Amino acid sequence: MNGTSFAILLLACAAYGGLHSLLASHAAKRLAERWFGPSVHRWYRLFFSLQGGLTFLPLLALAWLLPDAVLYTIPLPWLVISLLGQAAGGLVVLYAISQTGAGEFLGLSQALGASSADAARPPRLVTGGLYRWVRHPIYTGSLLFIWLMPVMTGNLLALNIGFTAYVFIGAWFEERKLRAEFGPAYAEYARRTPMILP
């Protein structure tokens, strides 16, 4: 494993996670509203989703271009179990997104909404389906997917560690936002439902 590549990728993950968390904050949204007016609510989530996807591409490029070495390869029959686990993780992510609304998750519903007032309306608190078992099933499914990779390299390990740290730190910030948004209803939901691990 190349220590320099590993360190660069961890730093890049930290920068990505920091930017992502900063732009997800209420403070960033208030600043955007001050600069661009109330209509920014309509477009902010779409902007957030696009920048999240675009700024993730350099991380993938770094993982591909930096010197790397294979740490392990999962052999049969464990490979089948690993791939089934990854498929389950992917399905958990897709189903959790469908529960909250794919359009809302990406920001398309808000951008194409009838008015900026509709876009500014807070989202509903979803507590059924997968959200009955964990508060952040998208994170749960994502972690399952990345840690069951059938081939692990040093660079992929750095990305996985960085992403996992981001998930737990990001979930902590997201929890604060959700408690502020939904008040006692979210506090009660959090009391009875685990955060990431069922």
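The values are calculated or read from the model by the stated rules, or taken from the named source; none is laboratory data. Note that the coordinates shown come from a computational prediction; the quantities given were computed from them, not determined experimentally. Neighbour counts run over all protein chains shown; Cβ positions are idealised from the backbone, glycine included. Side chains are part of the model used for accessible areas, which takes the heavy atoms of the whole protein and leaves out ligands, DNA and RNA. Shrake-Rupley method; radii C 1.70, N 1.55, O 1.52, S 1.80 Å.
Things worth noting here:
- The set of residues from segment 50-81 being of a type in the set (Gly, Ala, Ser) and under 23 Å from Tyr166 (Cβ atoms) comprises Gly52, Gly53, Ala61, Ala63.
- Meets criteria (touching a strand residue (DSSP E or B) at 6+ places or on another chain (Cβ under 6 Å), modelled with pLDDT of 95 or more and of a type outside the set (Asp, Glu)) for Val70: yes
- Leading residue by the ranking (nearest to Val70 (Cα to Cα)) among those in segment 19-45 that are open to solvent by less than 40 Å² (accessible area, probe 1.4 Å) and assigned to a helix (DSSP H, G or I): His20
- Long-range neighbours under 8 Å by Cβ, at least six apart or interchain, first residue within 21 Å of Gln51 (Cβ to Cβ) within segment 1-28, second open to solvent by 60 Å² or more (accessible area, probe 1.4 Å) and among the small types (Gly, Ala, Ser): His26/Ala180
- Scanning segment 127-172 for residues that are among the aromatic types (Phe, Trp, Tyr) and either more than 14 Å from the chain's Cα centre (by Cα) or surrounded by 15 or more Cβ atoms within 10 Å (Cβ to Cβ) (or both) yields Tyr131, Trp133, Tyr139, Phe145, Trp147, Phe163, Tyr166.
- Looking only at residues in segment 61-82 that are in a helix (DSSP H, G or I) and open to solvent by 80 Å² or more (accessible area, probe 1.4 Å), the one that is farthest from Pro150 (Cα to Cα) is Leu65.
- Restricting segment 102-116 to residues that are under 15 Å from the mean Cα position of the chain (by Cα) and surrounded by 14 or more Cβ atoms within 10 Å (Cβ to Cβ) leaves a set whose member that is nearest to Trp133 (Cα to Cα) is Phe105.
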